[in-house]
Amino acid sequence: MNCKPIFSFSIDMKLSDKGVVVGKYDAVNPSLTAITQSNKIIIHSPNTRYNMFNTQKAWSEIKKDIGMLSVNYTITSIATGKLSDSDKEYLAIGTETNILVYQVDDNIEVFFKDVSESVRCMTIGNIDISYPPLLLVGSNTTVKGYNVKGDEILWIVISGVVNSIILFDFNRDNDQEIILGCNDKIRIYKQDKFIKELNENAPVKQISPLGAQLLAFILKNGTVGVYEEHVRLWRIKSKSCATCLASFDLLGTGTQQIILGWESGKIDIRDPRSGDVLMKLISPNKVVGLIVTNYRGMDKDDLICVTEQGEVQGYTSSNVNLAPLTATESSQIKELLAAKQKLMLELTHYENNSKVNELIGSGAAEDSVAAMNALKSISDDFAVIPANTRLQIAISTDGTKQSSVEIGISTNNSTIIKAVIIFADGIFPNGNETLIVHPPTKRANSGSYSSMNALSNRTGGVSSIVVPLKIPKDDPVDVHIKAFVGSADGNQYHVFELNRQLPRFSMYSLHERITGSPKCLSEINRLSEDHLSAAPESYVKFKVTERVNRFCMFINQNFLLPADIEPNSTETETFDFLKVSLICLRDSSPLVITFYNDSNILIQTENIELAGNLIQAMSQFMNVANLESVAAFPSVVTKFRELFDKLQGLQESSNVLKTDTALKINLSKILVLRAEDAKVTNMEKLSSYYNELMLTNEELLTSFKIRSENYNEVQRLLSEINQTLYHAQRLRVGSASAKMMSSYKEALEQKNIEKLIQIMEISG
């Protein structure tokens, strides 16, 4: 079954996937706006003609309903929306060095601003009733909000590139939150206050709301998924990459489906809650945009699909429910038949395994010859294992040899493990999600054989295996384990599946392993004092109104300790402090966490990012809404000073280069005019003018290369400075964190490095 478009036309220009939007520039009629591969903006207006010419923006008419806007900068993003009380929507254009907000209908430049970081994404909307409509701009490490006058109203520092930004009621409190798609996280902010982050295993390419409750995302590694609040409903990964998505009821079911466009030209219609494919459409070219709007002016929204070759197709919602028809497609019937065949094969394996266990249980196992004959009666194609076979999993840390988390997998009897497959997100190199481990081949010992042993060991395997894992980030990791278990004489194996979750700070271990029953406070304190060589100079100190029991629960749940910490009633009343001394398995750096009896907590570590992660995790675990702290990180401060001094020097050099370039450009113009005059008045000077012009041009090229290198270095320094401020911000929670960011902004504008450091170290 297929769905045919209700209208189709071609723009006859190749389009970029940097941005395809729709704007009502005259407040009534929607206009399709897109970025071309030749760095121009085209506006298709089927109901309005813009016969305007602007010398600065160079409107030129191509067809009756298509206009083109030329901008002398590399366009990186576009957005449309209302920035004032007027019903007319504005067009915002982001480039590598500036932002232009343009009123298309009146041919007016609303504002033009230079930016220090390249614009990555934009959106226009209201974040709160106390704020005017804002243009939100995501860049390399910041998000800024501008009003209609171009004033900067909002400033958020982010650790990582912001690839997508939307406004969405994530908390269902009738207020819009700012949702950011970053390097490997989806971050949620209420105005400039951080609320929550959702971890992913690859850079987020696009996020989009699905109705009023669901949030869909696309990752750059081909993964697509949907969240409902903080719970991920489903996720699928494809070899091809999705380019865009939209929410639209194409099948006429009364509920919206998720529409996905892919690089291959495929368009998927999926159930938003399960991810099941309900229908597929095929386009000959890469899909660069999916938009839902009332494009025909018929009081009904349509789905508009835009391809890379400039083809535009419109689809409308079906008048009948097509979902039951899609369920009977031949592809789904084939999938059901394949599933049936797989289940029948598994059933045959279970029946043969049951027969062998019955023979063994009936007494045939007492006679080895009878047991061998019983086993031979069943084909070697089937695996035979005892009915009580179980897979056992043990997770621990190894700081002496591998410096990793070790997952021990074993069976409870003489069966062997042929292979282990571990599925996990974001922990394997090169973006892989799977690790396959094959145990070494072992020969069977000669001698008598039991009824469950093979006559010869043809396949190899072991009864236990240890798999080391190196966790690159301090995030919880869901590990899905599949182990192939069977007898030594079989060439088919039973698949055992188990799921485990590694705690957030699993790559931190005690200096000495502790075993046995849960440990009390005095034992942990003694262990920490005995093996603590020198506590780090850097620290952060704060207070939470919690008992030591809750602190121990946090340590037990978030760290991979050999034994839990469980204080007894006497220690709870009389203890002075609890000190947990750990070592990072990644770089052997120390981490000391001390909980005092007055509820003060001291974290000692040289890693400011780790300190922030610990504070955020504790605050979430203990339901702390606002938290202030005092911090001291001498090494971070020293590096911050160096970065700031380098940045100021490069910015001064950049201003000098700009002035020098402007002078050389003016000189080039003058030399061109003189050369033209010399053709008429004095031909002898013509060659000298052209020679001088050539030298000036070479100097301009050299100056451009220097400016380009200078710009790249400035971007790198800005990124590192903003990341440092972001990590320092995470040492506080709630209103204290938001207050710090406003103080940071003021100090940055004043270029006051001492004030920045003071804010970083002292509670906001």
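The values are calculated or read from the model by the stated rules, or taken from the named source; none is laboratory data. Treat the numbers as computed from the prediction; the structure is a model and nothing was measured. Positions of Cβ are backbone-derived with ideal geometry, glycine not excepted, and every protein chain shown enters the neighbour counts. Calculation scope for accessible area: heavy atoms of the full protein, side chains included, ligands and nucleic acids excluded. Shrake-Rupley method; radii C 1.70, N 1.55, O 1.52, S 1.80 Å.
Computed quantities for the displayed model
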read-out	value
Any hit, segment 478-490, residues being modelled with pLDDT of 80 or more, surrounded by 16 or more Cβ atoms within 10 Å (Cβ to Cβ) and among the aromatic types (F, W, Y)	yes
Residue in segment 1-46 that is farthest from K286 (Cα to Cα), counting only those that are open to solvent by 50 Å² or more (accessible area, probe 1.4 Å), polar (S, T, N, Q) and in contact with an Asp or Glu (Cβ under 9 Å, 6 or more places away or on another chain)	S8
Any hit, segment 272-279, residues being at pLDDT 90 or above and closer than 26 Å to A79 by Cα	yes
Spans of helices (runs of 4 or more DSSP H) in segment 505-610 with at least 1 residues at pLDDT 90 or above and either within 27 Å of K470 (Cα to Cα) or outside the structural domain of R730 (by TED's automatic domain parsing) (or both)	548-558
Candidate set from segment 710-738 (those that are among the aliphatic types (A, V, I, L, M) and more than 17 Å from T638 (Cα to Cα)); member that is surrounded by the most Cβ atoms within 10 Å (Cβ to Cβ)	L731
Out of L303, L250, sole residue that is open to solvent by less than 20 Å² (accessible area, probe 1.4 Å), part of a loop (DSSP other than H, G, I, E, B) and among the hydrophobic types (A, V, I, L, M, F, W, C)	L250
Test: N201 is in contact with a helix residue (DSSP H, G or I) (Cβ under 7 Å, 6 or more places away or on another chain) and either among the hydrophobic types (A, V, I, L, M, F, W, C) or over 19 Å from G125 (Cα atoms) (or both)	no
Residues of segment 84-95 that turn out to be part of a loop (DSSP other than H, G, I, E, B), at pLDDT 90 or above and out of contact with any Gly (no Cβ under 8 Å at 6 or more places or on another chain), as a count	1
Selection status of A631, open to solvent by 60 Å² or more (accessible area, probe 1.4 Å) and not in a helix (DSSP H, G or I)	no
Qualifying positions in segment 207-237 - under 17 Å from F248 (Cα atoms), surrounded by fewer than 20 Cβ atoms within 10 Å (Cβ to Cβ) and polar (S, T, N, Q)	Q213
Odd one out for K196, checked against (1) more than 12 Å from the chain's Cα centre (by Cα); (2) open to solvent by less than 30 Å² (accessible area, probe 1.4 Å)	(2)
Residues located in segment 79-115, provided they are surrounded by 15 or more Cβ atoms within 10 Å (Cβ to Cβ) and within 16 Å of W155 (Cα to Cα)	I99, K113, V115
Matching residues in segment 595-612 - criterion: being out of contact with any Ser or Thr (no Cβ under 9 Å at 6 or more places or on another chain) and either of a type in the set (A, V, I, L, M) or surrounded by 19 or more Cβ atoms within 10 Å (Cβ to Cβ) (or both)	F595, G612
Scan of segment 739-752 for residues that are surrounded by fewer than 17 Cβ atoms within 10 Å (Cβ to Cβ) and not charged (D, E, K, R), ordered by number	S742, S743, Q750, N752
Any pair with Cβ under 8 angstrom, 6 or more apart, that starts in segment 670-684 at a residue that is closer than 16 Å to L695 by Cα and among the small types (G, A, S) and ends at one that is at pLDDT 85 or above and part of a helix (DSSP H, G or I)	A675/L686; A675/Y689; A675/Y690; A675/L693
Residues of segment 99-151 that turn out to be of a type in the set (S, T, N, Q), under 17 Å from K18 (Cα atoms) and assigned to a loop (DSSP other than H, G, I, E, B), as a count	3
Unmet criterion (only one of (1) open to solvent by 10 Å² or more (accessible area, probe 1.4 Å); (2) modelled with pLDDT of 90 or more; (3) over 28 Å from N174 (Cβ atoms)) for W262	(1)
Among the candidates S159, S118, S130, residue that is surrounded by fewer than 17 Cβ atoms within 10 Å (Cβ to Cβ) and of a type in the set (S, T, Y)	S130
Pairs where the first residue, in segment 327-338, is under 16 Å from K280 (Cα atoms) and part of a helix (DSSP H, G or I) and the second is at pLDDT below 75 and β-branched (V, I, T), C-beta under 9 Å, 6+ apart	Q332/T326
Residue list for segment 204-243, filter: assigned to a loop (DSSP other than H, G, I, E, B) and either modelled with pLDDT under 90 or in contact with a His (Cβ under 7 Å, 6 or more places away or on another chain) (or both)	G211, A212, Q213, N221, G222, E229, H230, S238, K239, S240
